[in-house]
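Q: Have a look at this one before I ask anything.
Just so it is clear, none of the values below were taken in a lab; they were calculated from the coordinates. In this text the structure is predicted, and so the values were computed from the model without any measurement. All Cβ positions, even for glycine, are placed from backbone atoms using ideal geometry, and neighbour counts span all protein chains on display.
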Amino acid sequence: MLKIAIVENDAQDAELLNRYIKRYEKEAGVSAQVSVFEDGELFLLNYKTHFDIVFMDILLVGIDGLEAARRLRAIDQEIVIVFVTSMAQYAIKGYEVDACDFAVKPVTYADFYMKMHKAVKRVKTEDQDIITFKMTGSIVKISASTIYYVEVIKHDLIYHTVSGEIKSHGTMREVEEKLSPYSFYRIHHSYLVNLAHVLAVHGDTITVNGTVIKISRAKKADFMQRFAEFAQKR
């Protein structure tokens, strides 16, 4: 079941989107659970990353939809965002938060259907490698493929991702187990790297997204074999 949020301070517009979703369910043969929020701050309060899609108005009371989306991306990099706005000139800013699409008010069902169908396809594609981990007071959900590497500093885990750094707590052993189904290799007691993002190997170092990381001498031979096997499969 899809879990969808509508963040909209106009009750009529929120109800229209709700009706469109119910119609889409019948026509597309999917089921959805819809939650409606009047403003971005209420939506983000105690957010638990349990939504697949959010329809976000840009002109909200309090923080606007763009700022709400920026804060949302800090804790959930995988939720599919569709902006709804009466001012099309703001829509281009949606790319800053990796928005899937935008719809211009008044939204017709034909336009909604296309946006919804695109969003649902993205959810199904991204669900294949989603991992979750705990941060202070929240849970973060990201795609494993967007992680460049994971670094441990004292008791902090730093996830270096396409969207920036995310700090969490735990052990490298736990992360290694969680990412074991994907193309990750522990090259050093402090580093776990995504082989898909390794750009170069030079002697005892590798380059991942512009960062040079030293390989443990004991790991070098095994890493080279694993990396060669991974490269052949691509």
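Q: Each label point is 7 Å from the Cα along the Cα-to-Cβ direction; what then is the distance between the points at Thr207 and Asp156, in nm?
A: 2.7
Q: Shifting gears a bit: With a Förster radius of 35 Å, plug the Cβ-Cβ distance of Ser168 and Ala218 into 1/(1 + (r/R0)^6) and report the FRET value to the nearest 0.05.
A: It comes to 0.85.
Q: My understanding is that a pair violates if its Cα-Cα distance is over 32 Å; which of Lys48/Lys214; Lys178/Lys219; Lys178/Lys233; Lys118/Lys233 do that in this structure?
A: In this structure, Lys48/Lys214 lie more than 32 Å apart at Cα.
Q: Same structure, new question: Dipole magnitude of the chain about its Cα centre, charges +1 at Lys/Arg Cβ and -1 at Asp/Glu Cβ only, in debye to the nearest 20?
A: The dipole of the chain has a size of about 960 debye.
Q: Right, something else. Residue by residue through region 207-218, which ³J(HN,Hα) values in whole Hz follow from phi under the Karplus form 6.51 cos²θ - 1.76 cosθ + 1.60 (θ = phi - 60°), with glycine and proline marked x?
A: Per residue, the Karplus-derived 3J(HN,Hα) values read 10, 10, 6, x, 9, 8, 10, 7, 8, 4, 4, 5 Hz.
Q: If contacts are Cα pairs under 8 angstrom and at least 6 residues apart, what is the relative contact order of region 136-233 in percent?
A: The value is 20 percent.
Q: Could you name the aspartates and glutamates whose alpha carbon sits less than 14 Å from that of Lys141, not counting residues in the same chain fewer than 8 places away?
A: Asp52, Asp76, Glu78, Glu126, Asp127, Asp129, Glu165
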